[in-house]
Amino acid sequence: MKERLLIALILFVSATIFLTACTNPEPEKEHNTMEGFVAKVDGRVVLVVSGLEGNLKEMTEKEIINKAYQSAYFTFNEEVANIKQGDQVKVWYDAIDKSLPASGSGTKIELIDK
């Protein structure tokens, strides 16, 4: 009787471990990203905004931040090249704060062709 109970326990534990190992509880997440338009470029710092209508060149920085749905300053380790005001971009970042506008540490910036 004890042997059967021990075998049943071993089978139960083995099945539980197997089923737990085979399930993926959370799909792989995309890295932290933000898509939007470049409102300002200053060396290593880029202001990216989304949900904004109108010509960015005709607005002040404060107007852009106030009218945008989302805005964030991203600081990169190196000076940002080949990116200019009005470009549509995707930014990858490590962390971002929740201030308005937000600010974060960018790891990569890429032009979006649309």
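The values are calculated or read from the model by the stated rules, or taken from the named source; none is laboratory data. The structure displayed is predicted, hence computed values, not measured ones. In this analysis, Cβ positions are derived from the backbone assuming ideal geometry, glycine residues included, and neighbour counts consider all displayed protein chains. Side chains included, ligands, DNA and RNA excluded: accessible areas come from the protein's heavy atoms. Shrake-Rupley method; radii C 1.70, N 1.55, O 1.52, S 1.80 Å.
With every protein chain kept in the model, how would you rank Leu52, Leu47, Leu111 by accessible area, 1.4 Å probe, largest at the top? Could the numbers behind the result be given before it?
Working: Leu52 30, Leu47 0, Leu111 85 Å².
Of Leu52, Leu47, Leu111, the descending order of accessible area is Leu111, Leu52, Leu47.
What whole-number value in Å² describes the accessible area per residue of region 40-90 for a 1.4 Å probe?
Details: 3260 Å² over 51 residues.
Result: 64 Å² of accessible area for each residue.
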- [ ] With r as the distance between the Cβ atoms of Glu61 and Lys98 and R0 = 25 Å, compute the FRET efficiency 1/(1 + (r/R0)^6) and round to 0.05.
- [x] 0.80
Task: Val49 accessible area, assembled protein chains, probe 1.4 Å, Å² - done: 0 Å²
Task: Solvent-accessible surface ranking, highest first, for Asp94, Asp87 at 1.4 angstrom - done: Asp94, Asp87
- [ ] For Glu63, tell me the accessible area in Å² from a 1.4 Å probe, rounded to the nearest 10.
- [x] 70 Å²
TODO: State, as an integer percentage, the relative contact order of region 23-114 based on alpha-carbon contacts under 8 Å between residues 6 or more apart.
DONE: 30 percent
- [ ] State the percentage of accessible surface on region 46-114 attributable to carbon and sulfur atoms; use a 1.4 Å probe and exclude ligands, DNA and RNA.
- [x] 44 percent
